[in-house]
Structure formats: structure tokens, C-alpha cells
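Trainee: The structure that follows is given in the form of C-alpha cells.
What follows is calculated from the coordinates using simple rules that are stated; it is not laboratory data. This structure is a prediction, so every number in the text was calculated from the model and none was measured. So basically every Cβ, Gly included, is an ideal-geometry build from the backbone, and we count neighbours across all protein chains shown.
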């Protein structure tokens, strides 16, 4: 069991999947997306419409030691400004295929593969790549349409256990992660219930709010910071849905206090 209380480090969210936190003396950023509102997409892919600006800019972040990038193929997880930011970051961790595409200073992590990071004051942080499935059904059926996705678990001696889900729609994957790492101190859960009518018959490609609450229960997560639920048109559920789902599940007290304060502001 971790020795530190989960509330001892803040997590700041910037809209969409982007969150910043300091852990073990290193500063981590998830899925950087700072481009302005507008339509984004590639030929043959659904158009993604960003509806609101991020609540900060790359210049506001300060130095970043590690980017945790769930995948690089979709503009709502890595956009133009996010790609530019990677050039100034010493290390980006992502999917194996993303590591091949993005080149230098980027490392791909397969399921359960680990990397050790040196802490400024001594000791190490272990980052483990964990399963994520970006759509309904088995991975081999989903990946040809949505690509590889990876989640991350961060651990270290005397440090809380942190889970970053990435764009995951599978509670079975969450159960696999819980078998190895539960209880989790802080879970940064991507939710938002995104759907596309032309993709998987409109079924979920990331957790909805009720599933996010169930994921928190499976992980025995002491604190949950929801992300990936706002600022894009394909998200079909937002803050109110998340708060209602966690309340219905009897887990409202697990939601990060700073996140709930922002939601009611």
C-alpha cells in the first residue's frame, strides 16, 4: 500500500485529455492538445470538431520531463501544437507504433513493458505500459479502425500509485490492471462517452460516465481525476454526467476535490 495520501500532489487539467502533474520530482503531461477550436481530421477519417479552447497554452506549462501520450493518430489526443511541444520534452512514452512514427526522444511501450526514470533526489519511478482498447470488442477487431492505444501506471518507493487510462473503452482491461496494481491512489480516467455513427455502429470508443465509475470501483481508486470529457463535439457526456454517475455508484467522494470545484465554478 502506498505511503502517501493521493491528495498530496495536484493534477491540473487543460481540457480534452490534457493533464499536468508532478510526481516523484518529475513533471508529467498527458496527451497534449492546445490548438484552437475548429475542425480537424484526415481523409477517410471522421472529422473531429474542437468546440472550446484549452484553458492554458504550452507556454504556461513550464518545463515538462515526460509526456504520457496514449496515442498519436487522433487530433483530440495529439494536435499540431502538441507535436511541436514534444520536440522540447526529453522523453515521450506512447504506443509501439507511435514510437516508430514520432522518432527521437519517443519510446513505445507494449503491454506490461516498463521504463525506469531517475528521480532528481535519488531513486526511480517505474512507468508501466498497460492495456487500452479504443472501441468495443477485442483489440484485434478495434485497432484496424482506431489504432493502438496505451495506458500507463506510475509507481515508486514511497510514492502513490497513479493510473492514466488513455482512450480505453474496456472494463476487462481495467480488471487486468487492477489485478496487478490495485488499490490505485490516483486514477486519471478518460471518459466522455465519445461515439461516431459511422464507426462501430455508434458504440462507445472510450468509457462513458457509468463505466468510469465502475472502473474506479474495480481499481479501488482513492482519487479520480476525469479527463477527455469536454471541448470536443464527439464527447456525448460531460461533467454533470460524471458527477451523477459517481454519485449513483456511491463514489462521489472519490472525485478529485479540485476537479469538482472547477465543475461547480
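Trainee: Working only within the range 135-174, note down all residues that are assigned to a strand (DSSP E or B) and crowded, with 24+ Cβ neighbours inside 10 Å.
Mentor: 150, 151, 152, 154, 162, 163, 164
Trainee: Now for a different question. Can you tell which of 210, 221, 132 is surrounded by 22 or more Cβ atoms within 10 Å (Cβ to Cβ) and farther than 27 Å from residue 79 by Cα?
Mentor: 221
Trainee: Regarding the range 89-110, can at least one residue be identified that is surrounded by fewer than 16 Cβ atoms within 10 Å (Cβ to Cβ), within 26 Å of residue 160 (Cβ to Cβ), in contact (Cβ under 8 Å) with a residue 12 or more places away in the chain and touching a helix residue (DSSP H, G or I) at 6+ places or on another chain (Cβ under 6 Å)?
Mentor: Within the range 89-110 (the criterion being surrounded by fewer than 16 Cβ atoms within 10 Å (Cβ to Cβ), within 26 Å of residue 160 (Cβ to Cβ), in contact (Cβ under 8 Å) with a residue 12 or more places away in the chain and touching a helix residue (DSSP H, G or I) at 6+ places or on another chain (Cβ under 6 Å)), the answer is yes, since at least one residue qualifies.
Trainee: Another one. Return the residues of the range 55-71 that are buried (at least 23 other Cβ atoms within 10 Å of the Cβ) and in a loop (DSSP other than H, G, I, E, B); say none if nothing qualifies.
Mentor: 69, 70
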